[in-house]
Amino acid sequence: MFRRNKQKLRRSFNELLLEDIDQAKLDWDQARQTAAAVYDVDDELLAEVSLARAKYEFLYREAKYRQVKGHIQASVINY
């Protein structure tokens, strides 16, 4: 009984992790595009790009560590 609940809980958290990875990748892409489009790039914009990249890489490593199986957005694979 407890094992079934644990597996169900793990599956739901893995789904949330995959959604967070997709969102982090989109945020990182948007930050990079913004930095490329702006003529005068300041330190705050570079920090935003670095933070978005670090967040994506952290979530990706966590999914890899957990051996999450499931749908990963096509743009995420093109890392």
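The values are calculated or read from the model by the stated rules, or taken from the named source; none is laboratory data. Because the structure is a prediction, the values reported are computed rather than measured. No Cβ is skipped: glycine too gets one built from the backbone with ideal geometry, and neighbour counts run over all protein chains shown.
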**Item:** Residue ID - farthest from the chain's Cα centre (by Cα), chosen from residues in region 1-40 that are loosely packed, with under 10 Cβ neighbours inside 10 Å and small (G, A, S)
**Value:** A37
**Message:** When you scan region 7-15, do you find a residue that is among the aliphatic types (A, V, I, L, M) and over 30 Å from Q67 (Cβ atoms), even just one?
**Reply:** no
**Fill in**
Scanning region 16-39 for residues that are assigned to a helix (DSSP H, G or I) and hydrophobic (A, V, I, L, M, F, W, C) gives L16, L17, L18, I21, A24, L26, W28, A31, A35, A36, A37
**Message:** Need pairs with beta-carbon distance below 6 Å; first residue in a helix (DSSP H, G or I) and within region 4-15, second at pLDDT below 90; sequence gap 6+ or separate chains.
**Reply:** N14/V68
**Request:** Would you confirm whether any residue within region 41-55 is at pLDDT 95 or above, within 18 Å of the chain's Cα centre (by Cα) and among the basic types (K, R)?
**Result:** yes
